[in-house]
Structure formats: structure tokens, C-alpha cells
1. Quickly work out the T204-to-E229 label distance, labels modelled 7 Å from Cα along the C-beta direction, and quote it in nm with one decimal.
2. On a full-extension model of 0.36 nm per residue, what is the gain between L52 and L280, subtracting their alpha-carbon distance, rounded to one decimal in nm?
3. Note down the nm distance, to one decimal, between modelled labels 7 Å out along Cα→Cβ at R171 and at A88.
4. Karplus couplings for region 268-279 from phi (6.51 cos²θ - 1.76 cosθ + 1.60, θ = phi - 60°), rounded to Hz, Gly and Pro as x?
5. Taking 0.36 nm per residue of separation and subtracting the Cα-Cα distance, what length does fully extending D61 through L246 add?
6. Quick check: pseudo-label points 7 Å beyond the Cα along Cα→Cβ at R290 and M77, how many nm apart are they?
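Derivation of every value follows stated rules applied to the coordinates shown; laboratory data play no part. A quick note: this is a predicted structure, and the numbers were derived from the prediction, not measured. Note: ideal-geometry Cβ built from the backbone for every residue, glycine included; neighbour counts use all protein chains shown.
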Amino acid sequence: MAALSGRLAVIGFAGALFLTTSAYVYLSDLAGAQARGLIATLMLVTGLSGSLFWPLTAFLDHLVGWRMTTGIYAAAMILLIAPLTLLALPDVDHADTAGLTPSATARQGRIFWLLVLAVALSSFVTSGIEAVGISLYRALGADPVVAIGMASFLGVIKVCGRLIDLVGGRRWNALSTGITASGMVAMGLLVLVIFGSAPAAVVTCLLLYGIGSGAFAVARATMPLVFYEKAAYAAAMSAIALPMNLTIAAAAPVLSGVLTGMGAEATLTLLLMCSSISFLLLAMLAAEGRKARADGHPA
């Protein structure tokens, strides 16, 4: 169990580092004020990855075994994705990009830490469910085929949440999306905690959690744009990325350990607590933002 948890932590950490924060910063440098729309479009496309690769992974595992499946994915990363990343993306001018100034850091310190904590907790929930979702569904009573189907269906619902933000993003800011999405995630998990694995509860949870987590995936990348200008966005995202990546890396081993040692109910309760705290932190962040604007600051 310890060896498996260690491997999951390494995979989670590497996955968290791969083309997430760096992609958002790149789009911010490339597009400036239009970055939010491009990030939302990117997240919309990548949202289908779970729906595509959960069934594909299960098929390859059945066909050639898990070792060969892992080798196929590793080869794709080395031979296809790495060359595209190195050669196909245009360079951007970093001349006008600078880090946060000391005065900005001091003025927005509370806002920054509320944002860090909210994003980290929400990332723990969503990444954890991505990692242990199938095992969690099986612990709740679903057979393997149904569990894989639920994980794949969840990916499609997440795309719907990202599409909502993409379509309506010009009518409200990313923080409003984040608060609403975080509340939906908490409500979905609460339904499952209260009503268990009853079919209606599972469907309700999948809809609320799926739409909420899909929208929050966009919001966590674009909320800093509400508080930071382009020149400060890269520094802010880089600082936010460290605790976010650590929680993403920790999510799989922590939740797999809780699921194995304490069961599905304890796992759901932990996820609900984290998502509820994230929602409260975002509500506090909105209040801090209003206060900063009232004081004449950009936030």
C-alpha cells in the first residue's frame, strides 16, 4: 500500500506540473485581455479527456495489460506531446511581464491567501475524485462497468460546466463563477453523503458536482485575472501553483488511504468538508474584493 501511494504521489505531482499553470500564463502573455476566453476554450477541449481516456485505458488494459498501457501513454508523451510543445507553440514577448510589486503584494496579501487556500482545497477535491473516483463508485456499490461509465459520464458533464462559463463569461466575472461552482460541488457531495448510493442521489450528485467542478476548473485559472493585471498574473499564478500542485499530488494517496482504511462514507465526508471550506473562502474573497474596490484599489 505504501509503495502504491508513493507512485500515485509521483504521478499526481508530475501531472500537476504538466502544462496547467504554464499554459494559463502563456495564454495570458499571448492574448492579454482576451486570455479568459482562450483559457475557457482550452479547458472546454481538455474537459473531454476523462470521457475519452477512461474507456480507452480500460480497453487497452483488457487488451494488452496495464504495463503495456502505461508504456503506450509514456511513448505518446515523449514522441508526440513533447515535440508539439517545443516546436509548435509561438513564442511571446515577455518584455512587459513583471512580478508582483512589494506594494501590490502588501495591499492584496489577504486576497492572495484566500485565493490560494480556496483553489488548493477545491483542487484537492476535484483531483482526488479524478484519481479515486472509480474505486469510490465501486465502494458505493457500483460494478466495474458502471463505475467506469460514471467516471466517463462525469467528464461529459464537466464539459457542460465549462461551456456555461465560456458562453456566459462576458456577463459575469470569474470569481462569481468560482463561488457558484464551489457551492454546486459541495451540494452534490452533500446529497451523496445524506442519501447514499440511491440512483436518484447518484444522478443528482453527478449533475451538481460535474457542472460545478467543470466550471471551477476554468474559474481557478481565471480568478487571478479579476485581481491582477497581465504583468502580475504570471507571478500570482506561479505562487498559487505551488500549494495547488502539492494538494493535487497529495489527493490521490490521501483519499486512497482514507477510502481503504475508513470507507466511502469517511471519504465523502472529507471531500465535503474541503469543498465547503473552499466555498466559504471564496465568499470571503468576494467581500475582500468589494472592500478593496471601495478603497480605490484595482481588486
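1. Rounded to a tenth, the inter-label distance reads 4.8 nm.
2. Stretched fully, the L52-L280 segment lengthens by 78.7 nm.
3. So the label points at R171 and A88 sit 3.4 nm apart.
4. 5, 5, 4, 4, 5, 4, 5, 5, 5, 5, 4, 4
5. Length gained between D61 and L246: 63.7 nm.
6. A separation of 4.5 nm, rounded to one decimal place.
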